[in-house]
1. Rank the residues Glu208, Glu43, Glu108 as a footprinting-exposure proxy: fewest other Cβ atoms within 10 Å of their Cβ go first.
2. If you fit an axis through the alpha-carbon atoms of helix 111-121 and take the longest principal axis of the Cα set of the chain, what angle between them do you get, 0 to 90°, nearest 10?
3. Hey, can you grab everything whose amide H is under 5 Å from the amide H of Asp180? Only 5+ residues off in sequence or another chain; H modelled, so Pro and N-termini drop out.
4. Here are some pairs, Lys66/Lys126; Lys126/Lys189; Lys134/Lys195; Lys24/Lys263; Lys49/Lys254; which of them have Cα atoms lying more than 30 Å apart in this structure?
5. Using only alpha carbon pairs under 8 Å that are at least six residues apart, calculate the relative contact order of the range 78-147 and give it in whole percent.
6. Nearest 0.05, what FRET efficiency do Asp238 and Glu203 give at R0 = 51 Å with Cβ-Cβ as r?
7. How do Lys181, Lys66 line up, fewest other C-beta atoms within 10 Å first?
8. What is the calculated FRET efficiency for Asn260 to Asn21, with r their C-beta to C-beta distance and R₀ = 22 Å, to the nearest 0.05?
Amino acid sequence: MNILTIDGNNLVHRVYWVANNMLKKDENFHVYMFLNSVRSYAEMYNAEKVYCVWDEKPDYRPNKRKELLTEYKGTRDTSEKGREVHQKNELIKDILQKMGIPSIYPREYEADDAIAVIDYLFHPHKHIIVTVDKDLCQLVSERTVVYDPIRKIEINLDNFEEVLKFPKEQFLRAKAIAGDKSDNIPGIKGFGQKKIEKFFRGEVVFTEEEKQQFEKNVELMTLVDDGPEGDYVYEQIDTCSFDTDWAGFKSQIKELKFTNILKKEMPWYTRFFQTNSLMDLLS
């Protein structure tokens, strides 16, 4: 069975700014782009189950990583313009549910961690993660791949070092040394690509201060797939619905005036609604 997991916020952010740069006047155009992208990934990998994971927490709890680093993700855009990117997320989730794609949420961590739980739960099935977030590359294995929709490349064990500059077994530690500007995690000063390579060859040794920062960064970057977080995501996976609503989907698509979907509805029906009755198709 092929499991496809979409990093929801990550994909929304990407399609929103693509639509914005195209100067589209339709405020819902990025919603159309999001849905089209999901369909293309589901077809590309012949996915039998699709999940979309979001950072929003229905039962809000503070991010546990801020207990380790108060400045964690402190550089994220919280302006009104930044919030606009995700103002249609609930609409997207509603349409996805009609397509039989459930939304999954983290408890005290982030979407990445919820995706790690999904990866753990569906062993040994093939798992495809769609994201440009390199943090999720730590999940790559013989059965798990990451598809980067910007570079249009699948990251797997065969090309891991070529794409990410370090072999899989060194990746998380290399990232911990380098830091992560997007998450506001500082790297160890003076360590670039060459010095990190020397560290792995045993030619460079950390000072005590550098060792402490390294261990803290590893903890910040390691995805959490067990404990209360794992239980919370497992319960959602165990109880979520894959029921589809073809009539409701078509009605919503008409209301949004997504004419390209309406003109070519059969591929959508075949991919997401095939189990429905013929009467639903004709309605």
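1. Details: Glu208 7, Glu43 12, Glu108 19.
With the fewest neighbours first, Glu208, Glu43, Glu108 line up as Glu208, Glu43, Glu108.
2. 80
3. Amide H neighbours of Asp180, under 5 Å, 5+ apart: Ile185, Gly187.
4. Numbers: Lys66/Lys126 33 Å; Lys126/Lys189 39 Å; Lys134/Lys195 21 Å; Lys24/Lys263 20 Å; Lys49/Lys254 26 Å.
The answer is Lys66/Lys126; Lys126/Lys189.
5. Working: 42 pairs, mean separation 14.2, N = 70.
Here the relative contact order equals 20 percent.
6. Values: r = 49 Å, r/R0 = 0.96.
Taking R0 as 51 Å, the efficiency between Asp238 and Glu203 is 0.55.
7. On the way: Lys181 10, Lys66 13.
Listing Lys181, Lys66 from fewest to most nearby Cβ atoms yields Lys181, Lys66.
8. Working: r = 19 Å, r/R0 = 0.88.
That gives a FRET efficiency of 0.70.
Values quoted throughout were computed directly from the atomic coordinates according to the rules given, and no laboratory measurement underlies them. The model shown is predicted, which means the values in this text are computed figures rather than measured ones. Don't worry about glycine lacking a Cβ; one is built from the backbone with ideal geometry, like all the others, and counts go over all protein chains shown.
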